[in-house]
Amino acid sequence: MTDERLGAGLIDAVRALPKGSGIIFRHYATPETERRALFQSIQVIARRNKHVLLLAGPARLARYWGAEGSHGRHRGAVTAPVHSLREMRAAERARAQLLFVSPVFATRSHPGKSGKGPLHLANLSRQAKRPVIALGGMTRARFKALRQTGIYGWAAIDGLTVRRG
């Protein structure tokens, strides 16, 4: 997942991803021209490393920009955010192929709120008709600890940032 908080570290973070990773390009607050230019920079790296690159936004815009699909709560989205059973069922009806359940743990994306926790994640994962990706305060260590919940994978913003110093 990308957003403006990654700043100049975004390119390094994308380069550090394992080959074949998935990237959901968000950057909602970035002006459109700058957002598209940044997307194209990420697209070059993604193609070179065989990453799947999705655009958060309408499916039509994702196709126009050359993304491999879109992320959101709309019909035609390849992936969808899920915070509850109701949202999960709506995403499944809309034919999303991956469900991003969040926030599992406290995260800067939801300031001042605690995560919904591993039990919530496990409950949704058991009832899901599509693979579930854990999001929100996730790290590699937390993913390993949560494998028994039935999740397919994990995603992060801060958890993937390349840190120096």
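Only aspartates and glutamates eight or more places from residue 129 in sequence, or on another chain, were considered; those with a Cα closer than 14 Å are 87, 92. The alpha carbon centroids of the stretch 1-79 and the stretch 92-143 are separated by 20 Å.
Spacing of the modelled spin labels on residue 5 and residue 86, each 7 Å from Cα toward Cβ, amounts to 2.6 nm.
Subtracting the Cα-Cα distance of residue 123 and residue 145 from their residue separation scaled by 0.36 nm leaves 6.3 nm. Each helix, a run of at least 4 DSSP H residues, gives -39500 (n - 2.57); summed and divided by the residues of the chain, these come to -10500 deg cm²/dmol at 222 nm.
Comparing 122, 134, 155 in a Gaussian network model of the chain where C-alpha atoms under 10 Å apart are linked, the largest mean-square fluctuation is found at 122. Within the stretch 16-68, the chymotrypsin sites (Phe, Trp or Tyr not before Pro) that combine a DSSP coil assignment with at most 15 other C-beta atoms in a 10 angstrom radius are 28. Under the criterion of Cα pairs below 8 Å and six or more residues apart, the relative contact order for the stretch 72-156 equals 25 percent. Between the amide H of residue 52 and those of 21, 22, 23, distances stay under 5 Å, these residues lying 5 or more places away or on another chain, with hydrogens modeled in the peptide plane. Put simply, the amide H of residue 70, placed in the peptide plane, has neighbours under 5 Å in 55, 78, 79, leaving out anything fewer than 5 places away on its chain. Modelled spin labels at residue 61 and residue 44, positioned 7 Å past Cα toward Cβ, are 2.3 nm from each other.
Laboratory data are not the source of any read-out in this text; all were calculated from the coordinates shown. Keep in mind it's a predicted model, so treat the numbers as computed, not measured. Because the Cβ atoms are built from the backbone with ideal geometry, glycine has one as well, and the counts that use them run over all protein chains shown.
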